[in-house]
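What follows is a single structure, written as structure tokens, with notes after it.
The values are calculated or read from the model by the stated rules, or taken from the named source; none is laboratory data. This is a predicted model, so every value here is computed, not measured. Please note: Cβ atoms are built from the backbone with ideal geometry, for glycine as well, and neighbour counts cover all protein chains shown. These accessible areas exclude ligands, DNA and RNA; they are computed on the full protein's heavy atoms, side chains included. Shrake-Rupley method; radii C 1.70, N 1.55, O 1.52, S 1.80 Å.
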Amino acid sequence: MPERTLSLSGSTGEFILTDRPTPTLTDRYRPLPDGMTLHHTTLVRAHQVRTGDVIVAFFTDGPGTRRTEHVPEAFTAHPRPFGTCPAECEECEATHTHGATADRYLCLDPADDREDCVIVYRNTPVAIVRADTAASLPPLDSAPQLPDLFALDDDGASGPYEALPVPRAFGPWDTISVTRATAEQIATDLPASHTGRHLICQWLHDSLLISSDPRLRTEPGRPGRLIRPDADGRYWIGGLWPWQDWAAEAEEDGEDNPTS
């Protein structure tokens, strides 16, 4: 993997910047837009980041050689003083609990409906693409978006099921959006899982009917949940069981279990 060595004024360390890892189930890094590479980056301290700069990486602790810690998804910076969180997010609350103050910390990007605030020390080394350079390159949202990964149970026996990214306020009983192929895999796995042991799945042309075992129904004649594809051919499935976040660790613990 290509590397680039950067230096930072006032630091004796060497900062080794590497290309972003290729996305896999374990390396969940969204690619940069086509044309944006590590050759566009420069190294600054967090308090030198300006609005419009693109944050691509942080680094391991020093001294000496410091390796790249890629951010999962490059983002456009909107610096603001620490303690001015618009959403009272968990990251701000946790950092404040540990005694953080505005003279030592700052926020590089405020919370939105998907992510908490990005809080760092003011002197944290940051690899950025400067705003004027980023403006001449394809926008960040042109890069392929990585799906979120879900499972039926937390034992690694099902999934991962790829879904469109969900908001930060997503609850386990909310719906996720999946393709027909993923919906078919869920329908196959569900009756054999702990979560779906009392559920029955049946395809009615292009619609998926999920119902309970008739012997267990408390409401006679209740038809179950009929899930039809939306205009994009995707299936919104949820509300019948709590979704679990799929984690690579669960897969490693249960490596004899199939994935989909």
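Computed quantities for the displayed model
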| quantity | calculated |
| --- | --- |
| Qualifying positions in region 105-122 - assigned to a loop (DSSP other than H, G, I, E, B) and modelled with pLDDT of 85 or more | Pro110, Cys117, Arg122 |
| Glu73 being among the acidic types (Asp, Glu) and either open to solvent by less than 40 Å² (accessible area, probe 1.4 Å) or outside any loop (DSSP other than H, G, I, E, B) (or both) | yes |
| Residue match in region 211-220 (condition: over 18 Å from Asp154 (Cβ atoms), surrounded by fewer than 19 Cβ atoms within 10 Å (Cβ to Cβ), modelled with pLDDT of 65 or more and in contact with an Asp or Glu (Cβ under 7 Å, 6 or more places away or on another chain)) | no |
| Identity of the residue in region 1-53, open to solvent by 80 Å² or more (accessible area, probe 1.4 Å) and among the β-branched types (Val, Ile, Thr), that ends up nearest to Trp246 (Cα to Cα) | Thr26 |
| Matching residues in region 103-136 - criterion: being touching a helix residue (DSSP H, G or I) at 6+ places or on another chain (Cβ under 7 Å), hydrophobic (A, V, I, L, M, F, W, C) and in contact (Cβ under 8 Å) with a residue 60 or more places away in the chain | Leu106, Leu108, Val120, Val126, Val129 |
| Residue within region 83-104 that is modelled with pLDDT of 85 or more and open to solvent by less than 90 Å² (accessible area, probe 1.4 Å) present | no |
| Whichever residue in region 149-192 is over 18 Å from the mean Cα position of the chain (by Cα), in a loop (DSSP other than H, G, I, E, B) and at pLDDT 90 or above and, among such residues, is surrounded by the most Cβ atoms within 10 Å (Cβ to Cβ) | Leu152 |
